[in-house]
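Read through the structure below, which is laid out as structure tokens, and then see the notes.
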Amino acid sequence: MRKSVSLFIITLIFILISCEKKEEKKIEKKKPAPIVQIQEKIHFVIEKNKPSLITIFSFSKNELKPLENESLGSGFVIKKDKDYIYILTNYHVIGKSKKIKVKFFNNIEKKAEVVGYDDKSDIAVLKVKVNKDLNNVKPVKIGDISKLKEGYFVLSAGSPYNLGHTFTFGIISALHRNLGLSPYEDYIQTDAAINPGNSGGPLFDINGKVVGMNIAIVDTGQGIGFAIPINTVLDIYNEILKYGKVRRGWLGVLVQPISNKAKKRLNIKNGVVVIKVFKNSPAEKYGLEVGDIILSINGKPVKSPQQLSFFIQRLKINSQIKITVLRDKKQLTLPIKIEEQIKNEEKS
């Protein structure tokens, strides 16, 4: 009798375990495949961000009527308050236009005012008066640029060829690209398609947050587009809102690269050599000299003249920095107070 009971219990346990496993398999079957989940996530990002996208039309004083429906670029909503909607785009999209119109996701068109622009970084800020037609327009959410890595998924958005809102999907091909067009470059490279008309549009991460602003393509290449990192865009935007212009830091030196042969001889891995110190500049006031090799700023290695220029120009006016230099084969650290760039001086 005891054996029969034991056998019954064992059999019952086996049946229960088998049923549980079957239920688990059913649940597993119901769960979408990873690629389907990614697809749904991309769709969610697109739908969520449509109310933030802008198509931009600009007109010169003598432009003819038939050309007035040509889309020149894209933009995105960065801020909305009780009075205005603020829009970011590229400066080259609006240039010195006499008239600017923007079209929202719901096809509502409004006249836009220029808040300010910075032609050096190719960023402009527009604003549109708020009314009930624009209740559903939303600002974008900002992503964390420091978390980006090569290979991460991104979506480029804009209005290419006047087709209306269009999204393309790709990856981050490279970070910190410099095309040699200006000393303000630190671009994100992507293979997400960027076409004429996409300029000024947002580059989203896979979570639907903006990590960049579309700016350029390589005409002779495919899958090679560039975007300004969103932290740079926001720096320019905040300067324009607060001061009506972009104030840039100025050190007051002209530098050039060091050859690998010279680096080996001096036993250094990086640095740039000072070939000129400008009169009455912070560099002169705090003791930088011609022939000094700038090794680092605030502990960060300086690897090229472009990197030095980009770093200095993003510093806040009157901020204190520490520059480590190699002088007569000895390392010195100089405290220097950054001043505002004057007389359109393009050097660091």
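The values are calculated or read from the model by the stated rules, or taken from the named source; none is laboratory data. From a predicted model like this one, the values you see are computed outputs, not experimental measurements. When we count neighbours, we look across all protein chains shown, and the Cβ atoms used for this are built from the backbone with ideal geometry, even at glycine.
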Could you say whether any residue in the stretch 145-157 is among the acidic types (Asp, Glu), surrounded by fewer than 15 Cβ atoms within 10 Å (Cβ to Cβ) and closer than 24 Å to Lys209 by Cα? yes
Counting only strands (runs of 3 or more DSSP E) wholly inside the stretch 272-348, the ones holding at least 1 residues that are outside the structural domain of Ile230 (by TED's automatic domain parsing), touching a residue at least 12 places away in the same chain (Cβ under 8 Å) and loosely packed, with under 14 Cβ neighbours inside 10 Å are 272-277, 320-327, 330-337
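Going residue by residue through the stretch 184-197, is there one that turns out to be outside the structural domain of Ala283 (by TED's automatic domain parsing), in contact with a His (Cβ under 6 Å, 6 or more places away or on another chain) and within 27 Å of Leu315 (Cα to Cα)?
Within the stretch 184-197, one or more residues are outside the structural domain of Ala283 (by TED's automatic domain parsing), in contact with a His (Cβ under 6 Å, 6 or more places away or on another chain) and within 27 Å of Leu315 (Cα to Cα).
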In the stretch 212-238, the residues that are over 24 Å from Ile312 (Cβ atoms), in contact with a Gly (Cβ under 9 Å, 6 or more places away or on another chain) and not small (Gly, Ala, Ser): Asn214, Ile217, Val218
The condition of being over 16 Å from Tyr91 (Cα atoms) and either over 10 Å from the mean Cα position of the chain (by Cα) or modelled with pLDDT of 90 or more (or both) holds, among Gly197, Gly212, Gly221, only for Gly221
Check the stretch 170-180 and report whether any residue there is surrounded by 22 or more Cβ atoms within 10 Å (Cβ to Cβ) and in contact with a Pro (Cβ under 6 Å, 6 or more places away or on another chain). no
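Just wondering, is there one or more residues in the stretch 150-165 that are β-branched (Val, Ile, Thr) and at pLDDT 95 or above?
Taking every residue of the stretch 150-165 in turn, at least one turns out to be β-branched (Val, Ile, Thr) and at pLDDT 95 or above.
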Could you say whether any residue in the stretch 185-195 is more than 30 Å from Arg327 (Cβ to Cβ), touching a residue at least 40 places away in the same chain (Cβ under 8 Å) and of a type in the set (A, V, I, L, M, F, W, C)? yes
